[in-house]
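These notes are about the structure you will find just below.
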């Protein structure tokens, strides 16, 4: 599902230009404000008629994610966290598209001249949010729920560490996704890891070596975060429940790593056949 929404942004919304993206931000604010107020947003005629028709598919995606049965069975906090991460992902994808539009407007023959932040800051915020790791991770947490009365991670510390784990997962996914789609992103004017000054002047072999060292570091931090989450969870809910919860959470990380291994060798995205020439 995440791949489909990614392609929807790249292949449909991107062509709408800056005006559509400005309206999109208002649409996302409206629909998530309504959700946070406890309103039912499944009526497209109420929430979609004043917006472009192309937003209808996005509305369906949001409703699918928010009203998924296992998500609805989670606690109020876990549901709210899932909504926040979903909106953050969609807003980040909007920002990414806007950056691509500015990139495409540059003089022909030039690479991306203006990146939004340092590479470390970008890859841990907008960059990793666009791959949907936090969105999927928060939905996964809801799927672990057995009671509307209890948050999966019951203390502020556990919530913080769990989100830190997901951040590392997202960074790893973003970096290897960028590596696999590097040439396609340059051709389609999408902001990619290689556009950042930290990789300026490097050839592909040097870029590969650099990102391998960065992902080795992120993976090490990921493992430390998981170990800390396990230790703290066992102190809060007991050894058996703590281990069971973090075992499931660690499975999510291992599944993400399987995708990263694929991205090392193959681009899973769809090429946009727009007649543009690679830079």
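Looking at segment 249-279, which of the residues that are at pLDDT 85 or above and surrounded by 14 or more Cβ atoms within 10 Å (Cβ to Cβ) is nearest to residue 97 (Cα to Cα)?
253
State all residues of segment 51-74 that are farther than 26 Å from residue 22 by Cα, out of contact with any helix residue (DSSP H, G or I) (no Cβ under 6 Å at 6 or more places or on another chain) and buried (at least 18 other Cβ atoms within 10 Å of the Cβ); if no residue qualifies, say none.
Result: no residue meets the conditions.
For segment 163-173, which residues satisfy the criterion of being buried (at least 23 other Cβ atoms within 10 Å of the Cβ), without any contact (Cβ under 8 Å) to a residue 60 or more places away in the chain and closer than 22 Å to residue 195 by Cα?
168, 170, 171
With respect to residue 238, is the statement that it is at pLDDT 90 or above and farther than 30 Å from residue 114 by Cα true?
Answer is yes for this residue.
As an exercise: evaluate residue 160 against (1) touching a residue at least 40 places away in the same chain (Cβ under 8 Å); (2) under 21 Å from residue 219 (Cβ atoms); (3) surrounded by fewer than 18 Cβ atoms within 10 Å (Cβ to Cβ) and give the number of the one condition it does not meet.
Condition not satisfied by residue 160: (1).
Filter segment 125-152 for residues that are in contact (Cβ under 8 Å) with a residue 40 or more places away in the chain, closer than 28 Å to residue 211 by Cβ, touching a helix residue (DSSP H, G or I) at 6+ places or on another chain (Cβ under 6 Å) and assigned to a helix (DSSP H, G or I) and give the result.
Across segment 125-152, the qualifying residues are 127, 128, 129, 133, 134, 135, 137, 138, 139, 140.
Exactly one condition in (1) touching a helix residue (DSSP H, G or I) at 6+ places or on another chain (Cβ under 7 Å); (2) surrounded by fewer than 21 Cβ atoms within 10 Å (Cβ to Cβ); (3) under 19 Å from residue 125 (Cβ atoms) is false for residue 190; which is it?
Only one criterion in (1) touching a helix residue (DSSP H, G or I) at 6+ places or on another chain (Cβ under 7 Å); (2) surrounded by fewer than 21 Cβ atoms within 10 Å (Cβ to Cβ); (3) under 19 Å from residue 125 (Cβ atoms) is unmet by residue 190, namely (2).
Among helices (runs of 4 or more DSSP H) lying entirely in segment 1-112, which contain 3 or more residues that are within 21 Å of the chain's Cα centre (by Cα), at pLDDT 95 or above and closer than 22 Å to residue 127 by Cα?
76-104
The values are calculated or read from the model by the stated rules, or taken from the named source; none is laboratory data. Nothing here was measured: the structure is a model prediction, and the numbers come from that model. Reconstructed Cβ throughout: ideal geometry from the backbone, glycine too, with neighbour counts over all protein chains shown.
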